[in-house]
Every structure is written in structure tokens, then in C-alpha cells.
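Values quoted throughout were computed directly from the atomic coordinates according to the rules given, and no laboratory measurement underlies them. Bear in mind the structure is a predicted one, so any value in this text is a computation, not a measurement. In this analysis, Cβ positions are derived from the backbone assuming ideal geometry, glycine residues included, and neighbour counts consider all displayed protein chains.
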Amino acid sequence: MATIKELEAKLQELETKNQELEAEKERREALERSEGMQAEQLRAILNMQGEKAVQPYVETEKVPIRLFKDNYQYKEPLYLCINGRNMIIQRGVNVMVDKYVADFIDSMKDEQEKVNQLADQEEQDFLALTNQMVK
């Protein structure tokens, strides 16, 4: 005959297993909901019309660009991957590229200019603060 302590231990063990089973059940239900949502999203993507649909690459107008080249930081060719299209653009020579690539490179240059201006401003602010602290 089992003692009360043995029965309580067995009861505790069964309650723990029950909690684990409930957690597993909730996890499976969440996965099923997630799979259902993914299927709905996939259907929606496949049924898209117009601009939002994935368009195959279409060659666009070509424009010439010339990337800056030096013997230090800008000596290697520029590697770009835009919308899954990979390209390597040689520096220091005129190269014909699609207009969207040239626009992207221009926007990269603009962003770099903004970053450089911000860095210069931060350096000036730091120097001014340091000079104030020294005085």
C-alpha cells in the first residue's frame, strides 16, 4: 500500500506533466495559427496586381558614372546589390550603368556627406566643451 507522501509525490509529478502538456498544446496551436497566417499572406502576395506585384528586371536607361579612386580607401571596385541584382563597378573609369544604380550611388554620396557633416559638428562640439572644462 502506498503512503501519503508517495501519493503526494505522484500527484505532483502528474500535475507537472499536465502543465507541460498544456504548454505543448498552446505552442502547437500558436504554430497552426502562424502557418495559417503565412498561407494567407502567401495567397495575398500571389493575388497582388499592379505596382505591388514583383516585377522582373527590365533594363532601363543607361547613364555614365565615374567613381572616385585613390590609392588608399577608395581603390577597390564598388560592390552593390540592389533588389537582388549584384554588380561590381570599377573605380576611376567611366562606366555605363542603369539610371536607378546611378541614383542609388548619388543617394549614398548624399548620405555620406550628411554623416561627415554630423561628425565634424560633433567634433567641434566636443572641442568646445573640452575647452570650457579646461578653463
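With R₀ fixed at 25 Å, the C-beta to C-beta distance from residue 82 to residue 119 puts the FRET efficiency at about 0.45.
Among 40, 13, 123, the largest mean-square fluctuation in a Gaussian network model of the chain (Cα springs under 10 Å) belongs to 13.
The Rg/Rh ratio of the chain, with Rg taken over Cα atoms and Rh as the Kirkwood radius over Cα pairs, comes to 1.37. What angle do you read, to the nearest 10 degrees and between 0 and 90, between the alpha-carbon axis of helix 99-134 and the longest principal axis of the chain? Taking Cα atoms only, the helix is inclined about 90 degrees.
Is the shape of segment 58-99 rounded, prolate or oblate, going by the alpha carbon gyration tensor and its root eigenvalues a ≥ b ≥ c, with a/c under 1.5 for rounded and a/b larger than b/c for prolate? Oblate.
Largest GNM mean-square fluctuation among 76, 111, 35, using the chain with Cα springs under 10 Å: 35. In this structure, the amide hydrogen of residue 91, modeled 1.01 Å from its nitrogen in the peptide plane, lies closer than 5 angstrom to those of 78, counting only residues at least 5 positions away or on a different chain. When the chain is treated as a GNM, springs tying every alpha-carbon pair under 10 Å, which of 19, 90, 38 comes out with the largest mean-square fluctuation? Among 19, 90, 38, the largest GNM mean-square fluctuation belongs to 19. What translational diffusion coefficient, to the nearest whole µm²/s, does segment 62-134 have by Stokes-Einstein, given a Kirkwood radius computed over alpha-carbon pairs, a temperature of 10 °C and 1.306 mPa s viscosity? Approximately 108 µm²/s, per Stokes-Einstein. Mean residue ellipticity, 222 nm, helices only, the chain: the sum of -39500 (n - 2.57) across DSSP H runs of n ≥ 4, divided by residue count and rounded to 500, is -21500 deg cm²/dmol.
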